[in-house]
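The values are calculated or read from the model by the stated rules, or taken from the named source; none is laboratory data. Keep in mind the model is a prediction, meaning the values are calculated, not measured. Counting neighbours? That spans all protein chains shown, and the Cβs are built from the backbone with ideal geometry, glycine included. To get the accessible areas, we keep the full protein, side chains included, count just its heavy atoms, and leave off ligands, DNA and RNA. Shrake-Rupley method; radii C 1.70, N 1.55, O 1.52, S 1.80 Å.
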Amino acid sequence: MTIKTGIVILICLALMYPAYLWFTYIDTTVVKGSAYNFEIGSSKQEVYKSLPKALSQLKGNGNIFIQIKSNESIAPYVATSPDFDVMVSPLFHEEGFGEFARKDTWEFYFRASFNNVLKLEFCDDKLCKIHRHRKNFELP
């Protein structure tokens, strides 16, 4: 391999990486129809029941996390201080629906990353917005 060939290969690789980052970037909001196996207008109960299947198709090889604030009773179990935000992997059992139902915004973090998020928003207990954000890089 000549030096020119090596330089051309390096330049191609240097250009391919930003192209990869550009093509894998997602920042979309859906307010009509459906996306990611969720239907706008669905009830919280319907969405909650569909979470395991829908999120498993998005997560790939990683896990899904939600962010919770630790309190006095769970802080020792998650090895942190009370009032500290921690990421936990939910199981979506029926018993957990009550906690989700109290909130109008549900955020799911893929691989515990703030750069890979699915956010579901509810208006009058109906799904009204689906927002997906994914970037495979961090800005300085």
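Annotations for the structure displayed:
- Relative to the longest principal axis of the Cα atoms of the chain, the long axis of helix 3-24 lies at roughly 20 degrees.
- Just checking the listed ones, 65, 114, 23: in the Gaussian network model of the chain with Cα springs under 10 Å, the one fluctuating most is 23.
- Scalar couplings 3J(HN,Hα) for the stretch 70-87, obtained by applying the Karplus form with A = 6.51, B = -1.76, C = 1.60 to θ = phi - 60°, are 6, 10, 4, 7, 9, 3, x, 6, 9, 6, 8, 8, x, 6, 9, 6, 10, 9 Hz; x denotes Gly and Pro.
- For the stretch 46-56, Karplus couplings with θ = phi - 60° (6.51, -1.76, 1.60), whole Hz, Gly/Pro x: 5, 5, 4, 5, 8, 4, x, 5, 5, 6, 5
- If only the Cβ of Lys and Arg carry +1 and only the Cβ of Asp and Glu carry -1, the dipole of the chain around its Cα centre is close to 660 debye.
- Gained length - residue 67 relative to residue 23, 0.36 nm times residue gap less alpha-carbon distance: 13.1 nm
- Separation in nanometres of the label points that stand 7 Å from Cα toward Cβ, at residue 111 and residue 75: 3.2 nm
- Estimated distance in nm for a label pair at residue 92 and residue 46, the labels positioned 7 Å out from Cα along Cα-to-Cβ: 1.6 nm
- Placing unit charges on each Cβ (+1 for Lys and Arg, -1 for Asp and Glu) gives the chain a dipole about its Cα centre, and among 86, 11, 98 the Cα reaching farthest toward its positive end belongs to 11.
- Using a probe of 1.4 angstrom and keeping all protein chains present, the accessible surface of the stretch 27-134 works out to 60 square angstrom per residue.
- Carbon/sulfur fraction of accessible area - the stretch 1-47, other protein chains in place, 1.4 Å, %: 71 percent
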